[in-house]
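In what follows, a single structure is set out as structure tokens and then discussed.
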Amino acid sequence: MKVWAVVERGTRDRTGAHGPDLRRVSHEIAAKAASLGDATVLDPHGSGERSSTVALAAALTERAKTDRPDLILIGATPAGRDLGARLAARLGWAYASEITDLKVEAGALLMMRTMYAGKVRATVRAALPAVVSVRPSAFPLPPDAASPTTEPIQVDASAEKLGFQRFEPTASATGRVPLGEARVIVSGGRGLKGPENWKMVEELAGTLGAALGASRAVTDAGWRPNEEQVGQTGKTVSPDLYIALGISGAIQHLAGMTSSKVIVAVNKDPDADIFKVCDYGVVADLFEFLPAFTEEVKKVKGAG
Amino acid sequence: MKILVCAKQVPDSTVRVKVAADGRSADTSGITWAIAPYDEYAIELALERKDRDPQTTVSVVTVGPARARDALRQALAMGCDEAIHVTGADAEKAEGLAVARALAKIADEAKPDLVLCGRQASDDDQGLVGPALADVLGWPHVATVTRFETVEGGTDVWKEVEGGHEVWRASGPAVLTVQKSEKDPRYPSLPGIMKAKTKEIPEKDLGSLGVDLNAPRLEIVKMEPPPARGGGKILKDGDARAAAQQLVQLLRDEAKVL
């Protein structure tokens, strides 16, 4: 079987332009493609230019006409989901977004994905050829995995009726790990009482090398940017460790994070719904607990 | 400016979705339906434009079964000018690409300057229809949009990306798939509700639109609730320092995530 992995390069801080390094999910899909058959790893960002989705889809479609892959894997990042959908439509192929598992059975794809904003999970079947976007961490990379050899794809944007103008960075964006790919997320809710208290959250996140998340109440109030929101109308995440600080656990939030490996919840209300899904819960006043916890984490991290 | 918004009716976001007896679909009996949350943001963005420029008209279209009419009624009550219901026997189970072709047909007739869709509907969560619609129309599209402005030479569109926004300029018609944006979708006003009640909503039969409804299928083989969680260790006694020490020890030695 012929499989493509279409990779993406990480963004540079404060400019939003593509940097030199492949994203983690790109390594993951390249390894998955190699395990499924005859793999080609294509890199449309090699030139560092910012191309529109249309131009990328057109370039990949041209290449697919001669190369005839059976399956195209794309990382389910915001850009990857966008490209995957347009590419599938252009090719007229089956499409599944944000799959978390995949196997080939009797010439068809059997995949796992969540539906209803994470409230249920489904096994879905599609005929080949197909385009699939793969959720980060769905296929964890073996520690000894070699970097894939990528092949650049030439993208011609000259005929586009859409042009890039400029990048406007979010003032409070911290340039940390993207939420969707983070292994550790520290998420804050209304229990933090105000945006000025995020210094405490940032300090813990910094110590852990974590991405920052937030509940909807917090982004709605304008305390944190929308892009940090976890749950319905925000991001669905599945890190190794999710720490929920002062988040009560509305169903829309829980749907976006219950597939995390380990969930820690800190809340002063012992009846908060978040405690029903956590592995470790602490019923405590955040403002007393959090500084002490950050200090203890620093001790452990400092030791090794 | 003429704006066409594509909206879908889905289970309300507060609904606890249960798996039906067949084990491969959601049990929708007795649930509350609503406009998909991102589609509501798309309607809001369009209506904000109309607030600033009364010349702007906003039409809303849905492809869906008879019940989806309530979603259109809601959109009219929010302030949309007109609504189109594409319905019929195949409307509920049409695949994304087929829906995109049907919507493209409606757009061909309505000739809008912009088509707005939510970035994904919170039922299948595929996020396919917006980009596919743009492809059928042969238009560019911009995803995860939070804002747009008319400028000399076209429309500037703010696309949310990691760490900020990219601003793209569309020189002609375009499809925008809308992300959660600054303003929450408005509630219908009382006069809006009264007006919406009497508005005619033309129906079009999906099967008679003259578009190809054959599209690659994504078949649901099995549906199940997410793996159960719970039974976690709750630390509730003792002072903050003791709890912090205990949690760090558990995370390091038991969960092995530190």
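FYI, it's all coordinate maths here, none of it is from the lab. None of the values given here were measured: they were computed from a predicted structure. Ideal geometry is used to build each Cβ from the backbone, glycine not excepted, and the neighbour counts take in all protein chains shown.
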Requested in this report: For chain A, find the longest principal axis of its Cα atoms and tell me its angle to the long axis of helix A:53-67, 0 to 90°, nearest 10.
Outcome: 50
Requested in this report: Kindly put B:Val248, A:Val237 in sequence by how many other C-beta atoms sit within 10 Å of each C-beta, fewest to most.
Outcome: B:Val248, A:Val237
Report task. May I ask for the angle, rounded to the nearest 10°, between helix A:78-91 and the longest principal axis of chain A, with both axes built from Cα atoms and the value confined to 0 to 90°? Result -> 30
Query raised in the report: Once all Cα-Cα distances of the stretch B:52-106 are split into 10 Å bins that start at 0, what whole-number percent is in each one?
Result: 24, 47, 24, 5
**Report entry** Euclidean distance of C-alpha centroids, the stretch A:141-161 and the stretch A:178-231, integer Å
**Finding:** 31
Report summary line: In debye to the nearest 20, the charge dipole size for chain A, taken about the Cα centre with +1 at each Lys and Arg Cβ and -1 at each Asp and Glu Cβ, equals 440
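From the cross-link list B:Lys233/B:Lys256; A:Lys261/B:Lys183; A:Lys161/B:Lys8; B:Lys2/B:Lys105, which pairs have alpha carbons spaced over 26 Å apart?
Numbers: B:Lys233/B:Lys256 15 Å; A:Lys261/B:Lys183 33 Å; A:Lys161/B:Lys8 28 Å; B:Lys2/B:Lys105 16 Å.
Beyond 26 Å between Cα atoms: A:Lys261/B:Lys183; A:Lys161/B:Lys8.
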Requested in this report: Would you mind computing Rg(Cα) / (2.2 N^0.38 Å) for the stretch B:131-255, counting N as its residues?
Outcome: 1.85
**Report entry** Distance-filtered residues of the stretch A:274-304 - backbone nitrogen under 17 Å, label point 7 angstrom along A:Lys193 Cα→Cβ
**Finding:** A:284-293
Report summary line: Hull surface over four for the Cα convex hull of the stretch A:66-218, reported in nm², is 13.5
Query - Charged-residue dipole, Cβ positions (Lys, Arg, Asp, Glu), the protein assembly as shown about Cα centre, Debye nearest 20 - result: 420
Report summary line: As straight-line cross-link partners of B:Lys222, the qualifying aspartates and glutamates (C-alpha separation under 12 Å, not fewer than 8 residues apart within one chain) are B:Asp22
Query raised in the report: Taking the Cα centre of the stretch B:160-254 as the origin, how large is its charge dipole in debye, to the nearest 20, when only Lys and Arg (+1) and Asp and Glu (-1) carry charge on their Cβ atoms?
Result: 360
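Defining a contact as two alpha carbons under 8 Å apart and six or more residues distant in sequence, what relative contact order in percent does the stretch A:2-152 show?
Values: 294 pairs, mean separation 41.6, N = 151.
Contact order relative to length: 28 percent.
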Query raised in the report: Which ³J(HN,Hα) values in Hz, rounded to whole numbers, follow from the phi angles of the stretch A:278-286 under the Karplus curve 6.51 cos²θ - 1.76 cosθ + 1.60, where θ = phi - 60° and Gly and Pro get x?
Result: 7, 8, 9, x, 10, 8, 6, 6, 3
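What order do you get for A:163-170, B:135-142 when each peptide is scored by the mean count of other beta carbon atoms within 10 Å, highest first?
Values: A:163-170: 15.4, B:135-142: 22.1.
Averaged packing, sorted descending, gives the order B:135-142, A:163-170.
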Report summary line: Per the charge dipole of the protein assembly as shown (beta-carbon charges, Lys/Arg positive, Asp/Glu negative, Cα centre), the residue among A:Pro270, B:Met1, B:Ile43 reaching farthest to the positive end is A:Pro270
Query - Where a label projected 7 Å from the Cα of B:Ser189 along Cα→Cβ would reach, residues of the stretch B:65-102 with amide N under 14 Å - result: B:77-81
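What Kirkwood hydrodynamic radius, in Å, does the stretch A:179-303 give when the mean of 1/r is taken over all pairs of distinct Cα atoms and then inverted? Show your work: numbers first, answer last.
On the way: mean 1/r = 0.0713 Å⁻¹.
Final number for the Kirkwood radius of the stretch A:179-303 is 14.0 Å.
Plugging the Kirkwood radius over Cα pairs into Stokes-Einstein for chain A, at a temperature of 25 °C and a viscosity of 0.890 mPa s, what D comes out in µm²/s? Let's see the in-between values first.
Working: Rh = 20.6 Å.
So the translational diffusion coefficient is about 119 µm²/s.
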Query raised in the report: At q = 0.05, 0.13 Å⁻¹, what log₁₀ I(q)/I(0) does a Debye calculation on the Cα points of the protein assembly as shown give, no solvent, two decimals?
Result: -0.20, -1.41
Requested in this report: Could you tell me how many degrees, from 0 to 90 and to the nearest 10, lie between the Cα long axis of helix B:69-78 and the main elongation axis, the longest principal axis, of the Cα atoms of chain B?
Outcome: 90
Query raised in the report: Lys/Arg Cβ at +1, Asp/Glu Cβ at -1, dipole of the stretch A:161-304 taken about the Cα centre: which of A:Gly256, A:Ala182, A:Ala221 is farthest positive-ward?
Result: A:Ala182
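Determine, for the stretch A:2-152, the count of lysine pairs separated by eight or more sequence positions (or lying on different chains) whose alpha-carbon distance falls under 20 Å.
Details: A:Lys2/A:Lys32; A:Lys2/A:Lys65; A:Lys2/A:Lys103; A:Lys32/A:Lys103.
Total qualifying Lys-Lys pairs in the stretch A:2-152 comes to 4.
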Report summary line: Under the 7 Å Cα-to-Cβ spin-label approximation, A:Ala17 and B:Ile234 lie apart by a distance in nanometres of 5.3
Report task. Take the Cα atoms of the stretch A:2-152, find their three principal axes, and give me the spread along each one in whole Å, biggest first. Result -> 41, 34, 32
Requested in this report: Would you please give the FRET efficiency between A:Lys261 and A:Ala221, computed as 1/(1 + (r/R0)^6) with r the Cβ-Cβ distance and R0 = 35 Å, to the nearest 0.05?
Outcome: 0.75
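Translational D (Stokes-Einstein, µm²/s) of the stretch B:2-208 at 4 °C and 1.567 mPa s when Rh comes from the Kirkwood sum over C-alpha pairs?
Numbers: Rh = 17.2 Å.
Result for D is 75 µm²/s.
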Query raised in the report: Where the centroid of each part is defined by its Cα atoms, how far is the stretch B:164-203 from the stretch B:1-41 in Å?
Result: 17
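Could you put B:Asp51, B:Asp27, B:Asp125 in order, starting from the residue whose Cβ has the fewest other Cβ atoms within 10 Å? Could you put the intermediate results ahead of the total?
Values: B:Asp51 11, B:Asp27 14, B:Asp125 22.
If I rank by nearby Cβ atoms, fewest first, I get B:Asp51, B:Asp27, B:Asp125.
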Query raised in the report: Among A:Ser137, B:Leu76, B:Gln245, whose Cα lies farthest out toward the positive end of the dipole of the protein assembly as shown, if unit charges sit on the beta carbon of Lys, Arg (+1) and Asp, Glu (-1)?
Result: B:Gln245
Requested in this report: Arrange A:Glu28, A:Glu203, B:Glu254 by Cβ neighbour counts within 10 Å, fewest through most, would you?
Outcome: B:Glu254, A:Glu203, A:Glu28
Query raised in the report: For the pair A:Met1 and B:Asp51, how long in nm is the line joining their label points, each one 7 Å along Cα→Cβ?
Result: 5.0
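Can you pull the Kirkwood radius for the stretch B:20-85, inverse mean 1/r over Cα pairs, to one decimal in Å?
Numbers: mean 1/r = 0.0750 Å⁻¹.
13.3 Å is the Kirkwood radius here.
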